[in-house]
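Visitor: Please read through the structure below; I'll follow up with questions.
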Amino acid sequence: MRAMENFSDEDFKRTILRALRLLAVVTVVAAPLLWWKLGWQSAVLLLVGAAISGSGLYEWLRLMTAVMVRMDGGAKARPMGMVLLGFFLRLGLTVVLLYVSLKILDGSVYALAAGLALGVFALSVEGLRLMKAWTV
């Protein structure tokens, strides 16, 4: 059994990147199915939600990497201001993208919600995989 105190920054990075990959795979599989069943507008709303969710995971990776580098103190840290600026710019872009996609596209709002939930789903699956690996 591996101890959780041995969980490294690289383990965190690999977990987030695997979650992003899982999110992309599920999106690529689900979008054509939604297009076929509910129309192209719903498929695009799913893609918008998945893109927002994926960018959130990626920003979380950037933010936590910057924080961990600062906490470790061993490596050269990127300026935290730029990381935070990117975080808040992405947040603003997310609000605009949500508004525009809901205003223009006449698809299912549930498809958008599903796309947004895919990030939580992917991260949960990777978290469960990680827990299983650390307890075996």
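The values are calculated or read from the model by the stated rules, or taken from the named source; none is laboratory data. Since the structure is predicted, the reported quantities are computational estimates derived from the model, not experimental observations. So basically every Cβ, Gly included, is an ideal-geometry build from the backbone, and we count neighbours across all protein chains shown.
Visitor: Can you run down the residue pairs with Cβ atoms below 8 Å, 6 or more apart or on separate chains, where the first is in the stretch 14-30 and over 14 Å from residue 111 (Cα atoms) and the partner is of a type in the set (Ser, Thr, Tyr) and surrounded by fewer than 18 Cβ atoms within 10 Å (Cβ to Cβ)?
Guide: Between residues of the stretch 14-30 that are over 14 Å from residue 111 (Cα atoms) and residues that are of a type in the set (Ser, Thr, Tyr) and surrounded by fewer than 18 Cβ atoms within 10 Å (Cβ to Cβ), the close pairs are 16/58; 20/58.
Visitor: Could you go through the stretch 103-121 and let me know if any residue there is closer than 23 Å to residue 25 by Cβ, in contact (Cβ under 8 Å) with a residue 40 or more places away in the chain and not in a helix (DSSP H, G or I).
Guide: yes
Visitor: Another question, then. Would you confirm whether any residue within the stretch 61-81 is modelled with pLDDT of 90 or more, touching a helix residue (DSSP H, G or I) at 6+ places or on another chain (Cβ under 7 Å), aliphatic (A, V, I, L, M) and in a helix (DSSP H, G or I)?
Guide: No, the stretch 61-81 contains no residue that is modelled with pLDDT of 90 or more, touching a helix residue (DSSP H, G or I) at 6+ places or on another chain (Cβ under 7 Å), aliphatic (A, V, I, L, M) and in a helix (DSSP H, G or I).
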